[in-house]
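Structure first, then comments.
The values are calculated or read from the model by the stated rules, or taken from the named source; none is laboratory data. Please read these numbers as outputs of a predicted model, since none were measured by experiment. Here the Cβ positions follow ideal geometry from the backbone for every residue, glycine too, while neighbour counts run over all protein chains shown.
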Amino acid sequence: MRHTKNETSTTTLTRLIKALDAKHPVTITYTKADGSETIRTIELYDITVSNAGDILIKAMDRETGESRSWRLNRIESYSVHRTAYTVARPAANETVTRPAHGLATVTVLYPIDCPATTRVALLADELTA
């Protein structure tokens, strides 16, 4: 279990991107908006930056089977597994119906073969823009 308070957000993001590339699930301890903590095992499929400048981890929640978003700065600890993904993802043309929470997101585009460290740099550039 890695604690995010003991590493930079860049290091955390790099490890999560590597888990995304390898299609390894991640168990996170997450602080909700109301201050309560929850532990979830998720299967990442995208990382975006919101208009407010928050890095959003988009993933399938293994407990509910739903597509969810988590803010990187609210992840307290995480553990990357070596197993494979098991939750089916929505098709690319299928929209996920979830109530809006007032966050607009900006997707950062990069080549498929782009290394994880380069993707972190692109996300950091997007945050400063």
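I'd like to verify a number: residues in segment 10-20 that are of a type outside the set (A, V, I, L, M) and either under 14 Å from Trp70 (Cα atoms) or surrounded by fewer than 14 Cβ atoms within 10 Å (Cβ to Cβ) (or both), how many?
3
Just need a number here: residues in segment 47-61 that are in contact with a helix residue (DSSP H, G or I) (Cβ under 8 Å, 6 or more places away or on another chain) and either of a type in the set (Ser, Thr, Tyr) or part of a strand (DSSP E or B) (or both).
Residues meeting the conditions: 5.
Restricting attention to segment 25-65, report how many residues are surrounded by 14 or more Cβ atoms within 10 Å (Cβ to Cβ) and out of contact with any strand residue (DSSP E or B) (no Cβ under 8 Å at 6 or more places or on another chain).
Going through segment 25-65 one residue at a time, the tally reaches 0.
For the condition of a type in the set (Ser, Thr, Tyr), assigned to a loop (DSSP other than H, G, I, E, B) and touching a residue at least 24 places away in the same chain (Cβ under 8 Å), what is the one hit in Thr83, Thr12, Thr64, Thr29?
After ruling out the rest, the residue left standing is Thr83.
Within segment 36-57, track down each residue that is more than 16 Å from Arg119 (Cβ to Cβ) and at pLDDT below 95.
Ser50, Asn51, Ala52, Gly53, Asp54 - these are the residues of segment 36-57 that are more than 16 Å from Arg119 (Cβ to Cβ) and at pLDDT below 95.
Give just the number: which of (1) closer than 16 Å to Ser79 by Cβ; (2) out of contact with any Asp or Glu (no Cβ under 9 Å at 6 or more places or on another chain); (3) of a type outside the set (A, V, I, L, M); (4) without any contact (Cβ under 8 Å) to a residue 40 or more places away in the chain does Glu37 not satisfy?
Against the list (1) closer than 16 Å to Ser79 by Cβ; (2) out of contact with any Asp or Glu (no Cβ under 9 Å at 6 or more places or on another chain); (3) of a type outside the set (A, V, I, L, M); (4) without any contact (Cβ under 8 Å) to a residue 40 or more places away in the chain, Glu37 comes up short only on (2).
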